[in-house]
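The values are calculated or read from the model by the stated rules, or taken from the named source; none is laboratory data. From a predicted model like this one, the values you see are computed outputs, not experimental measurements. Note: ideal-geometry Cβ built from the backbone for every residue, glycine included; neighbour counts use all protein chains shown.
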Amino acid sequence: MTPNITASAGVEVRLTGEMLPDFGDVLTTDALAFVADLHRAFNPRRKALLAARAERQARIDAGERPDFPPETKPVREGNWQVAPIPAPLQKRHVEITGPTDRKMVINALNSGADMFMADFEDANSPTFANMVQGHLNLRDAIERTITFDSPDGRRYRLNDRVATLLVRPRGWHLVEKHVWVDGEPISASLFDFGLYFFHNARRLLSKGYGPYFYLPKLESHLEARLWNDVFNAAQDALGLPRGTIKATVLIETILAAFEMEEILYELREHIAGLNAGRWDYIFSVIKKFRKHDVLLPDRAQVTMTVPFMRAYTELLVRTCHKRGAHAIGGMAAFIPSRKDPEVNAVALAKVREDKLRESNDGFDGTWVAHPDLVPVAKAVFDEKLGDQPHQKGRLREDVQVTGAQLIDFHVPGGTITEAGMRNNISVAIQYIEAWLRGNGAVAIFNLMEDAATAEIARAQLWQWTFSPRGILNDGRKVTLELYRQLADEEMEKIRAAWGDANYARSRIAEARAVVDTLIASPEFTEFLTLKAYEQLA
């Protein structure tokens with residue numbers, strides 16, 4: 001523990017997390033004063049926007065159907081472009097993502113990808129140690145002093161050529177419970193953004209780069225406006241020109257899909273592009289339309305080629321290119337197997353097919369979760385674009401997407417199966433167990449699972465249970481009793497796979513309890529991470 005710190009203008013900052021060696025290098029008085037000032041200035045608006053989310057959800061529950069906002073039609077019809085995008089962000093053919101642990105940072109920067117998104121959000125378990133150590137790791141990576149000594153004797157260090165670094169702070173809905181300002185926990189978004197920007201903005205600029213960010217979970221252009229105002233305040237405070245910061249926004253909520261142009265407009269001085277955050281987008285559909293007669297089939301059947309996902313991604317490309325921004329494609333989550341070449345061959349063929357679709361649709365780059373997928377994705381985009389850094393010249397004026405198409409969630413031939421139900425149960429429980437131990441990116445069944453995919457798993461289980469249409473393809477109704485029976489059986493499979501000793505040392509019982517609570521609750525819980533965060537040490 002550290003004593004309370006009085007920041008500027010009498011703002012009191014209280015730290016409740018354990019201070020490990022070197023943490024004082026990040027949590028300096030000046031840095032904490034900087035983030036505290038941001039929190040004091042902008043947290044009231046953050047709270048108001050979260051309240052607006054709840055009000056919008058109540059209207060959707062009552063039958064409102066989202067559409068393109070009439071009040072922002074002048075923005076959509078206006079003749080404007082985003083500000084010029086700096087050279088380090090021009091070529092983004094392949095982007096790799098992952099948490100900020102030391103080994104991952106080195107491997108991702110060395111992967112051959114054009115970009116590395118270091119993730120403080122969905123791929124990260126937000127223990128206090130993870131959050132602060134992550135900032136130390138990124139600082140060392142920028143300074144090129146980062147190394148990692150593996151227990152097997154290998155030493156990891158950076159190659160001469162590395163990926164360009166982007167950072168994803170946590171979303172507006174989250175707080176950092178180990179840092180309190182004026183008697184309340186600080187906004188996690190402002191804490192993550194503020195610390196990284198304060199310590200590294202000038203450092204990055206001196207090396208020819210800049211403070212580049214990914215912004216998650218936005219639901220409206222007003223939430224983008226808040227980020228823009230935060231950026232301006234932060235740049236002003238450090239005496240940096242406005243527009244120094246560049247951000248890419250993840251379009252990973254159904255409501256944001258109706259406001260893509262408006263989001264670009266609000267951030268036009270700072271925006272670099274939009275990303276098709278496919279997994280959170282699917283979760284958002286389930287969450288926002290939980291009271292409607294909308295039921296998605298097994299997650300594996302909700303591919304990027306189903307009509308509503310195709311409408312959303314094609315609209316994203318058209319929107320970005322119309323305004324001069326990059327369009328970045330979705331995640332390839334496959335984790336190559338060292339034991340099964342046949343599994344690899346089938347999966348890599350699917351990854352290549354997915355990336356071919358994206359490159360042909362006009363995307364300027366794409367995401368992967370594992371270094372071994374970088375060459376596959378890179379080959380596709382290099383073949384399509386050649387020496388071009390992007391294909392923003394393809395305006396996709398042939399794309400005409402209506403609001404009705406974005407919310408037509410019919411999946412041709414889609415079914416709910418026992419196998420899909422079992423997969424959701426096992427993924428949700430195993431992921432939360434790892435998350436409670438501090439690991440936010442987990443390989444399960446040859447896929448890299450993070451909070452977004454775990455959210456889909458538990459949301460589907462909840463929806464199938466409470467909807468009258470939650471019926472398996474064999475005719476059985478999904479019920480709490482069926483869920484508990486299958487969960488018991490999946491727990492035994494996990495025990496057999498892990499061994500009794502590992503199972504006993506794990507936090508699997510706590511994870512099961514979290515999932516049980518989420519599924520049994522008559523009211524849908526907005527984010528599982530909010531529930532699980534209560535138990536995170």
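Could you go through the stretch 20-35 and let me know if any residue there is closer than 26 Å to residue 273 by Cα and in contact with a helix residue (DSSP H, G or I) (Cβ under 7 Å, 6 or more places away or on another chain). For the stretch 20-35, residues closer than 26 Å to residue 273 by Cα and in contact with a helix residue (DSSP H, G or I) (Cβ under 7 Å, 6 or more places away or on another chain): present.
Scanning the stretch 310-332 for residues that are over 16 Å from residue 395 (Cα atoms) and either out of contact with any helix residue (DSSP H, G or I) (no Cβ under 7 Å at 6 or more places or on another chain) or not assigned by TED's automatic domain parsing to the domain that holds residue 391 (or both) gives a single hit, 310.
Candidates 369, 332, 347: the one that is modelled with pLDDT under 95, crowded, with 18+ Cβ neighbours inside 10 Å and in contact with an Asp or Glu (Cβ under 7 Å, 6 or more places away or on another chain) is 332. Can you find a residue in the stretch 235-254 that is free of Cβ contacts under 8 Å to residues at least 40 places away in the same chain, over 17 Å from residue 89 (Cα atoms) and among the acidic types (Asp, Glu)? Yes; the residues of the stretch 235-254 include at least one that is free of Cβ contacts under 8 Å to residues at least 40 places away in the same chain, over 17 Å from residue 89 (Cα atoms) and among the acidic types (Asp, Glu).
Matching residues to (1) of a type in the set (D, E, K, R); (2) over 30 Å from residue 103 (Cβ atoms); (3) in contact (Cβ under 8 Å) with a residue 12 or more places away in the chain; (4) touching a Ser or Thr at 6+ places or on another chain (Cβ under 9 Å):
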{"site": "422", "(1), (2), (3), (4)": "yes, yes, yes, no"}
{"site": "430", "(1), (2), (3), (4)": "no, no, yes, no"}
{"site": "445", "(1), (2), (3), (4)": "no, no, yes, yes"}
{"site": "461", "(1), (2), (3), (4)": "no, yes, yes, no"}
{"site": "467", "(1), (2), (3), (4)": "no, yes, yes, no"}
{"site": "480", "(1), (2), (3), (4)": "no, yes, yes, yes"}
{"site": "483", "(1), (2), (3), (4)": "no, yes, yes, yes"}
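A single member of 500, 474, 516 is of a type in the set (D, E, K, R) and without any contact (Cβ under 8 Å) to a residue 24 or more places away in the chain, and it is 500. Out of 108, 36, one residue alone is within 21 Å of the chain's Cα centre (by Cα), buried (at least 17 other Cβ atoms within 10 Å of the Cβ) and either assigned to a helix (DSSP H, G or I) or touching a residue at least 12 places away in the same chain (Cβ under 8 Å) (or both). It is 108. Listed conditions (1) surrounded by 20 or more Cβ atoms within 10 Å (Cβ to Cβ); (2) out of contact with any Lys or Arg (no Cβ under 6 Å at 6 or more places or on another chain); (3) not assigned by TED's automatic domain parsing to the domain that holds residue 315 are all met by residue 392, apart from (3). Hey, can you tell me all the residues within the stretch 50-79 that are assigned to a helix (DSSP H, G or I), among the small types (Gly, Ala, Ser) and more than 17 Å from residue 226 (Cβ to Cβ)? Matches in the stretch 50-79: 58 only. A single entry from 24, 10 fulfils the requirement of being more than 18 Å from residue 193 (Cβ to Cβ), modelled with pLDDT under 95, surrounded by fewer than 18 Cβ atoms within 10 Å (Cβ to Cβ) and not charged (D, E, K, R): 10. Evaluating residue 291 against the criteria (1) out of contact with any helix residue (DSSP H, G or I) (no Cβ under 6 Å at 6 or more places or on another chain); (2) basic (Lys, Arg); (3) assigned to a loop (DSSP other than H, G, I, E, B) leaves one unmet condition, (1).
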